[in-house]
Amino acid sequence: MKRTFFLAVVIMMMLLGNLSAQEWQLVWSDEFEGDSLDETKWSYMIGDGSDYGIPGWGNDERQYYREENVSIRDSMLVITAKQELFGGKSYTSARIRTIDKGDWKYCRLEFRAKMPIGQGLWSAIWMLSTDNGYGGWAASGELDILENLGSEPNKIHGTLHYGGQWPDNTNKGSSYTLDSGDFHNEFHDFALEWEEGKIRWYVDDQLYQTQSSGWWSSGGAFPAPFNRRFHLLINLAVGGNWPGPPDNSTEFPQELVVDYIRVYQKFATGIEQESLLVPGAFRLDQNFPNPFHPGTSITFSTPKPEHVTLDVFDATGRLVQKLVDAEHQPGIYQVEFDGTPFPSGLYTYRLTAGDFQETKQMLLMID
C-alpha cells in the first residue's frame, strides 16, 4: 500500500509540472542505539559550573556533573542523579550538549521522555545561542523547550529568556498540566516548532503555547535574539533557586529518560515536469550563490535510502557546522547555510552517503 501511494504521488507531481512547497525534513537525530553516548553528536559538560564561569551553574545548584552519570539503556538516554559526595558537592548528575555538532537556525525538534520525581529535582531540555552574537546571557537568547520540577510531576514549562545581558534580562512563557497521570510514570511526546518570528510548543501533539511577539534583544532588532543558530542541551539538576533543595522525602537515584530526539528543518522542494523524482546517482552540487553573503543554498541528491552527512569546514580543516546528519529517502534536497557567525574566507563542504563522498568549496565574503 505504501509503494502504491508513493507511485501515485510521483505521477501526480509529474502531471502537475513545476511544484514547490515548504516541508519539514529530518536533518539530525539520535535514537540512542549502541552502548554509550554518541560523542560525534554530544559533548559532556563537567563540574559545578566554575570552569564555565558560572559557579553553581548560575542557579545555586547542588550537583556536580559527571560523564559517568550518562548511560544508554534499552536504546534510551538515561541521565541519573545520585546522592553522593563528589567534587565538594552532595549530589552528582549529568549535562550534555550538541554545540558545534548540532546547531540549527529554525527547526522542529521532537523527543519522547519521562521525568524524575521528587522535591529539588529539575529536568531541562533546552537551547542556547551557539555564537552569542547579540551579547552575553540572555541578550543572545535561551529557548527552554521543556522544564520540569520533580515536585510537580504533572506539569511542564516552556520559556523564552531574552532582553539585555544579566541582570537586565527577562523572560516569558507558559506551562502545561496533564488532566490525568504524570510525566514520571509514563512517557510523553514533546515538540517545538521554531520559525522566523514564531515559536510553538506541543505536548502529545497538542499545541499549548505560541510566542510570536514581545521578545527583544539589546543586541539587535526583532526577531533577535531568536534568529541565529542554537544548540541543544539536556541536564538534570539537583536543587537551585527555582526548585529549592531536596528534602527528606526525595528518593535517590532518580532518572531523566529520553527515548529519541529528532530535528527537522524546512526546505523549499520542487520538481520540474521533465525531471525524475528519484535521482540516478549520488550528487553534490555547487552552492548558489557563490561567492555568498550571508547565506547560500547547497543541493544534493540521493538515489536510495541512505544515512547522509553534510559537513562544513573552514580553511584549517576544522568542522564549523554539521548541516545534515540523518537518514534520507531517495530525492533531491536543498540545505541552507548561514554564514553570519563566520569570518570571510574559503570553506569546504563535504557530502558523505554510504561509500559515496564528494567535496566542494565555497567563498564567504563579509562586507
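Here, each number is a calculation from the coordinates, and none is a lab measurement. These figures come from a predicted structure and were not determined experimentally. Quick reminder, even Gly has a Cβ in these numbers, built from the backbone with ideal geometry, and neighbours come from all protein chains shown.
Structure above, values below:
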read-out: Debye, to nearest 20: dipole size of the stretch 275-364, +1 on Lys, Arg Cβ, -1 on Asp, Glu Cβ; value: 140
read-out: Cleavage-rule hits (trypsin sites (Lys or Arg not before Pro)) in the stretch 29-103: DSSP loop, at most 15 neighbouring Cβ within 10 angstrom; value: R73
read-out: Potential lengthening between K266 and K304 on full extension [0.36 nm per residue; Cα-Cα distance subtracted]; value: 11.6 nm
read-out: From the coordinates shown, Cα extents along the principal axes in Å corresponds to which of [x] 51, 47, 45; [y] 148, 51, 40; [z] 70, 53, 40; value: [z]
read-out: Within the stretch 148-229: Cβ-based charge dipole about Cα centre, in debye rounded to nearest 20 (Lys, Arg +1; Asp, Glu -1); value: 480
read-out: Note, ³J(HN,Hα) from phi for the stretch 213-224, Karplus 6.51, -1.76, 1.60, rounded to Hz, x at Gly and Pro; value: 6, x, 8, 7, 9, 5, x, x, 7, 3, x, 4
read-out: Set of aspartates and glutamates with alpha-carbon distance to K89 below 13 Å, sequence-local pairs under 8 removed; value: D48, D60, E61
read-out: For I261, net neighbour charge (Lys/Arg +1, Asp/Glu -1) across residues whose Cβ lies under 13 Å away; value: -2
read-out: Radius 14 Å from Cβ of N241, net charge of other residues (Lys, Arg +1; Asp, Glu -1); value: -2
read-out: Added length on full extension, which subtracts the Cα-Cα distance from 0.36 nm per residue, S180 to Q357; value: 58.7 nm
read-out: Packing rank of 226-239, 154-167, 107-120, 42-55, where each peptide gets the mean count of other beta carbons within 10 Å, highest leading; value: 226-239, 107-120, 154-167, 42-55
read-out: Alpha-carbon centroid distance for the pair the stretch 293-359 / the stretch 148-187, whole angstrom; value: 35
read-out: Built amide H within the under 5 Å cut-off of G150, gap 5+; value: G118, G120, L121, W122, S123
read-out: 0 to 90° range, to nearest 10: angle between helix 2-16 axis and the chain longest Cα axis; value: 50
read-out: Taking Y349, Y106 and counting other C-beta atoms within 10 Å, the order from fewest to most; value: Y106, Y349
read-out: Cut-off 13 Å between beta-carbons: net charge of the residues surrounding E327, Lys and Arg +1, Asp and Glu -1; value: -3
read-out: The chain - percent relative contact order, Cα under 8 Å, separation 6 or more; value: 21
read-out: Residue among V257, F300, Y91 farthest towards the positive dipole end of the chain, charges placed on Cβ; value: F300
read-out: Residue among V78, L232, G219 farthest towards the positive dipole end of the chain, charges placed on Cβ; value: G219
read-out: Residues W126, W201, W24, W216, sorted so that the one with the fewest Cβ neighbours within 10 Å comes first; value: W24, W216, W126, W201
read-out: For the chain, size of Cβ-based charge dipole, Lys and Arg +1, Asp and Glu -1, in debye; value: 560
read-out: Fewest-first ranking of F282, F86, using other Cβ atoms within 10 Å as the exposure measure; value: F86, F282
read-out: Under the Karplus curve 6.51 cos²θ - 1.76 cosθ + 1.60, θ = phi - 60°, whole-Hz ³J(HN,Hα) for the stretch 168-178, x wherever Gly or Pro sits; value: 8, 8, 8, 7, 7, x, 8, 10, 9, 10, 5
read-out: Hydrodynamic radius of the stretch 71-151 per Kirkwood, over alpha carbon pairs, in Å; value: 15.2
read-out: Residue-wise HN-Hα coupling along the stretch 147-153, computed from phi with Karplus coefficients 6.51, -1.76, 1.60 (Hz; x: Gly, Pro); value: 10, 9, 9, x, 7, 10, x
